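Structure first, then comments.
The numbers here are math on the coordinates, done by the rules we state, and not lab data. Just so it is clear, the structure is predicted and the values come from calculations on it, not from any experiment. Note: ideal-geometry Cβ built from the backbone for every residue, glycine included; neighbour counts use all protein chains shown.
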Amino acid sequence: MCSGVLSVKVNRLATSIIFQSLVLSVVLSFFMSTALPARQIQIEGKSYIDLATVGKTFGMQAYWLQGNHTYRLRSQWTTIDVGKKNRVLYLNRLPIYLGFPTVESKGQLFITRADYQHVLQPILTPQVFKKRPGIRRVVIDAGHGGKDSGALNNTYGLMEKNLTLDVARRLKALLENSGFEVVMTRDSDVYIPLAQRPKVANRAKADLFVSLHFNAASSTSASGFESFALTPQYQASSKYPRPTSKDAKRYRGNEQDPWNTLITYHLERALVQGLGGPDRGIKRARWSVLKDLECPGVLTELGFISHAETAKKVRSPAFRQKLARSLFNGIVDYRKRLQRIQ
Ligand SMILES: [Zn+2]
């Protein structure tokens, strides 16, 4: 069929030799690109795709950096760096945890088809996915509450439950001023069981669920932001090295996999841009509040209150307003992205 099209075009343009050769070279390059075999390999039942082919599907250049330790995909706006046997890739320097480590074979670097579908496509070409969500009604989930104080820093008199509620109220005001509808899972110091929180979103027919938390760690040097999307089926959450039989379970929230990735990406990026990091990246976990959602959802950790510098900052209302403003910016970026593909 293509060669028929070619001969018609060539006849019609016979008067212009230059144009003829131009058409021919375009058609030839088309044949050459489609003739390239999709470089896929199977390892332990998983399908891998090489990053040069991945780059091509996104119109990105693909090459090894000097020393052949890091592979780069690059376009005008986006740079993706991936190391060998690595389970983290860097998209414009933002760390994103993959389901599986990369694999090198015969000088090529491969990622799993699952990571191509669950990480790269949702962020770079979300238009390939069906059932695009709306973005009008946002449920804000202030983590903890009542008898559940969450993380504590007694030196600075901080309780996670108070901080999350304060930032949630600030975010609510910003969103409502911008035409969003907001539902809070709690707007006072009350205890709400975890399983109840996604139910609030499902009952409200929410378009988006954002759960706010602060971290604490036994190491007082840990600091920075991290945002979690629900782990896709058959994958291990980021803190575990490899999947087990339990990871074969599919949750209702997995219907939203591409959009979970997209909102988590925009929220983490906006936090790091607004507050300067440190950026601990986009991770995966099967948090109770995310598993049964019927809308896209994200759980974000807004800093370690066990870290003295962070604790001093979050005591200040101005800093908490900045946190809310950055979350708001991330939600607006996500809304813009969805609107561009609708
Ligand atoms: Zn928490």
Exercise for review: May I ask you to derive the FRET efficiency for Tyr63 and Arg252 from their Cβ-Cβ distance with R0 = 30 Å, giving the value to the nearest 0.05?
Suggested key: 0.15
Practice item. Treating cross-link reach as a plain straight distance, find the aspartates and glutamates whose alpha-carbon is under 13 Å from the alpha-carbon of Lys161, omitting any fewer than eight places away in the same chain. Key: Asp141, Asp148, Asp187, Asp189, Glu301
Study note, to complete from the structure: Extend 7 Å from the Cα of Ala222 along its Cα-to-C-beta direction; within region 144-172, residues with backbone N under 11 Å of that point are none
Revision key, fill the gap. Which of Asn202, Asn260, Asn154 fluctuates most in a GNM of the chain (C-alpha springs under 10 Å)? That residue is Asn154
Practice item. Using every Cα-Cα pair within region 137-340, state what percent have a distance larger than 23 Å. Key: 41
Review point. If each residue's Cβ is checked for other Cβ atoms within 10 Å, how do Ser221, Ser75, Ser227 rank with the fewest at the top?
Key: Ser221, Ser75, Ser227
Exercise for review: Please find, in a Gaussian network model of the chain (springs between Cα atoms separated by less than 10 Å), the residue of Thr231, Thr57, Thr164 whose mean-square fluctuation is greatest.
Suggested key: Thr57
Practice item. Note down the net charge around Asn202, summing +1 for each Lys or Arg and -1 for each Asp or Glu among other residues with Cβ under 11 Å from its Cβ. Key: +3
Practice item. Could you tell me the distance between the Cα centroids of region 168-218 and region 293-335, to the nearest Å? Key: 13
Point to revise | Per residue, the convex hull volume that the Cα atoms of the chain enclose (Å³) | key: 179
Point to revise | Gln273 versus Asn202: modelled label distance in nm, points set 7 Å from Cα along the beta carbon direction | key: 3.4
Exercise for review: As a check on your grasp of the helix formula, calculate [θ] at 222 nm for the chain: sum -39500 (n - 2.57) over DSSP H runs of n ≥ 4, divide by the residue count, round to the nearest 500.
Suggested key: -11000 deg cm²/dmol
**Study point:** Pairwise label distance in nanometres, Glu181 with Lys130, each label 7 Å out on the Cα-Cβ vector
**Key:** 2.6
Point to revise | Choice from Ser237, Ser211, Ser219 showing the highest fluctuation, given a GNM over the chain with Cα pairs closer than 10 Å | key: Ser219
Check your understanding: Tell me, in nm to one decimal, what length is gained between Ile341 and Ile41 on full extension, where the rule is 0.36 nm per residue of separation less the Cα-Cα distance?
Key -> 104.8 nm
Exercise for review: Report the paramagnetic label zone for Thr79: residues of region 319-342 whose backbone N is under 15 Å from a point 7 Å from Cα along the Cα-to-Cβ axis.
Suggested key: none
